1. Ignoring solvent entirely, what values of log10 I(q)/I(0) come out of the Debye formula for the stretch 45-109 at 0.17, 0.20, 0.22, 0.30 Å⁻¹ when each Cα is a single scatterer?
2. Rounded to two decimals, what is the ratio between the C-alpha radius of gyration of the chain and 2.2 N^0.38 Å?
3. What is the extension gain from A449 to L495, computed as 0.36 nm multiplied by their sequence separation minus the C-alpha to C-alpha distance, in nm to one decimal?
4. Enter the per residue convex hull volume of the stretch 1-155, computed from alpha-carbon coordinates, in Å³ rounded to the nearest integer.
5. Gap in Å between the Cα centre of the stretch 120-144 and the Cα centre of the stretch 1-40?
6. Using +1 on the beta carbon of Lys and Arg, -1 on that of Asp and Glu, and nothing else charged, what's the dipole of the chain about the Cα centre, debye to 20?
7. Given the DSSP H assignment, sum -39500 (n - 2.57) over each helix run of at least 4 residues in the chain and divide by its residue total; what's the result at 222 nm in deg cm²/dmol, nearest 500?
8. With each pseudo-label sitting 7 Å past Cα toward Cβ, what's the E182-A224 distance in nm, one decimal?
Amino acid sequence: MLDQALRILKDVFGYDAFRGNQARIIERVANGGDALVLMPTGGGKSLCFQVPALLRSGLTVVVSPLIALMEDQVATLDELGVPVAALNSSLSPEAQREIADRLQRGEIKLLYLAPERLVQPRMLAFLQRLEIGLFAIDEAHCVSQWGHDFRPEYLQLGQLAELFPHVPRIALTATADMRTREEMIQRLHLQDAEQFLSSFDRPNIFYRIVPKEQPRKQLLGFLAERRGDAGIVYCMSRKKVEEVAEFLSSQGFPALPYHAGLANELRAYHQKRFLNEEGLIMVATVAFGMGIDKPNVRFVAHLDLPKSLEAYYQETGRAGRDGLPADAWMAYGLQDVLLLRQMMQNSEGDERHKRVERHKLEAMLALCEETRCRRQALLAYFDEVMPNPCGHCDICVDGVETWDATEPARQALSAIYRSGQRYGVGHLVDVLLGKDNEKVRSAGHQHLAVFGIGKSRAEDEWRTLFRQLVARGFADVDVDGFNGLRLTDACRPLLRGEETLALRRDPKPQRSKSSSSGGASPASQLVRQEEREMWEALRTLRRKLAEEHSVPPYVIFPDATLLEMLRSQPTTLSAMAQVSGVGARKLERYGQAFLDVLTESDKAPDTPAPVADLRHELVTLARAGMTPAQIARQLDCSEKNVYSLLAEAIGRQQLGLEQALDLPEELLGEIQDAFLDEDGELPPVTAIAELFEGRVPLGVLHCVRAALQAELEV
């Protein structure tokens with residue numbers, strides 16, 4: 001089974017090996033078992049159901065929550081030659097009927113459906129008349145009522161276990177803490193599913209969180225080195241989205257707004273442009289993202305604080321899905337905290353739900369004020385231990401300085417208490433600095449014991465201190481009163497002198513170059529200066545082909561594949577087949593066009609390859625999944641010579657037997673047994689050739705003997 005899976009992986013998807021848990025998951029599902037898969041964005045979740053779909057007989061039904069996500073995956077699979085379709089509200093009745101007819105004829109291997117369509121009685125009855133091989137529930141965390149992506153329709157997906165008891169189900173998500181995982185198991189009836197929990201770590205992402213001072217100016221500083229890169233800027237409100245998109249456009253950065261308040265057509269148009277064009281920036285609310293499978297998003301920037309670490313992880317995870325370097329940057333300030341707490345307090349839901357929301361926000365704040373490695377803290381929230389600091393976040397690169405804030409903290413807390421626990425930070429800072437203004441005088445606060453007690457510190461220092469006191473839970477916003485700060489029970493030990501308080505110093509603002517990544521390499525620097533011309537030529541060809549085929553450029557080849565082409569400089573189709581992401585279908589469709597760009601196509605015709613080159617090409621073609629007959633045609637030589645070179649490569653352990661030959665297991669076992677029947681050394685091929693005359697070419701026996709001999713010599 002795994003041999004077949006590897007062949008599909010190479011031939012269809014163009015990859016040589018599975019990553020992480022992929023092989024185990026695919027084996028489990030392909031053999032008919034249920035699976036719950038937790039895998040980070042960019043970790044290769046889709047392959048975990050797409051490969052079993054091609055291994056199992058019948059139709060694989062993929063539950064996907066957004067039309068954009070469906071269309072993206074359908075376009076990608078269609079380019080790979082996989083028979084695939086999506087049924088959704090964007091199709092005409094005629095198109096839907098045509099898909100239904102194809103399904104009844106067994107012409108489709110994967111069908112993408114929205115959950116609300118799947119659970120309709122008519123659709124379920126239709127599917128029961130077909131041969132279903134697998135159900136894949138993507139974005140399965142949407143079943144959790146505690147999550148920020150909750151979709152009520154997902155709650156009905158549990159009935160698949162009753163209606164299709166013998167069909168395996170795989171549920172997949174990139175974001176789920178323990179509570180959400182338990183809810184997924186319970187509501188989707190996955191009690192017998194094997195759980196595959198991959199690391200949450202996204203090592204290619206550089207995390208940086210900065211204090212919010214002049215956010216637009218700070219954002220421009222971050223973007224300065226990233227011109228030409230695709231990215232997402234998240235804002236909390238629709239109004240801010242519009243304003244920031246307009247501001248960035250005025251500063252020469254191509255930016256589009258995206259939020260739920262835009263007309264559906266305009267929103268869809270902006271999303272399509274973001275997917276199809278290079279280097280666009282999408283300024284968006286959290287309404288944008290879950291349906292985005294664009295692998296070369298090079299950065300995600302937050303101008304407002306996300307509500308939870310789950311949201312932060314999921315949103316930052318939209319950067320660098322191709323595994324190449326990417327940045328997660330955020331500017332955060334006290335106003336974010338006060339606004340979010342106010343929104344939570346005013347939101348619908350019982351007190352228990354609000355308590356969970358507050359806990360999630362506190363965890364988010366803790367990450368912002370963290371003094372240890374950001375990645376260690378982020379992973380710890382998802383119950384994962386990272387023993388050593390990552391070396392790839394702002395704290396690891398820049399270091400962090402702490403100071404004894406015990407006495408100033410007591411002064412700040414006293415100012416809150418003595419002023420009546422009803423004033424905001426601006427007023428409290430004025431009191432501590434001893435500012436003699438109208439608001440202070442009208443309240444009579446110039447007579448407070450704390451008036452002017454903090455003159456030795458700058459205004460920014462006091463504002464930072466109040467932010468950290470709120471983040472640490474020593475003070476809170478009184479959303480039921482005047483939205484001023486009030487004390488919490490947690491501050492009592494500090495005020496009584498029973499404990500001390502160490503806080504982190506905010507890093508001093510740096511010039512844009514060093515502050516932008518602080519040790520991270522911006523994606524725009526992935527390509528060296530001397531490679532830039534060839535890189536742009538490859539991207540131009542990709543864009544042209546994408547327009548011809550009406551698909552996003554990354555569906556032709558993602559950046560990671562283009563980069564490998566650029567670095568490995570293949571000069572033949574067999575060498576091109578070795579590039580990760582170049583499967584048989586794409587090799588046939590696009591291989592020569594990209595070779596022509598790389599080799600400038602006007603060179604003299606190739607002379608016959610020397611034997612060493614021939615051996616190398618043969619190995620690469622075999623690894624790419626070509627049969628001996630196909631290799632013979634490709635290299636313009638006899639099949640006998642191909643088998644001879646294959647046996648030689650197997651003997652030198654440059655090639656595995658399963659890569660060289662595609663034999664049924666029973667027949668392979670029979671040949672191996674015939675060789676091993678003799679005592680001592682392996683008999684020559686001529687001694688057993690008669691047994692298999694007319695069943696396999698003589699060269700096959702030479703290859704099997706070479707493999708056995710190599711095993712005996714180990």
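1. -0.61, -0.86, -1.04, -1.54
2. Dividing the Cα radius of gyration by 2.2 N^0.38 Å gives 1.14.
3. Difference between extended and current length: 15.0 nm.
4. That works out to 119 Å³ per residue.
5. That distance is 21 Å.
6. Around 3300 debye, computed over the chain.
7. Dividing the helical sum by the residues of the chain leaves -13500 deg cm²/dmol.
8. Placing both labels 7 Å along Cα→Cβ, they lie 4.9 nm apart.
The values are calculated or read from the model by the stated rules, or taken from the named source; none is laboratory data. Note that the structure is predicted; figures quoted are calculated from it, not measured. As a convention, Cβ positions derive from the backbone with ideal geometry for all residues, glycine included, and neighbour counts pool all protein chains shown. Side chains are part of the model used for accessible areas, which takes the heavy atoms of the whole protein and leaves out ligands, DNA and RNA. Shrake-Rupley method; radii C 1.70, N 1.55, O 1.52, S 1.80 Å.
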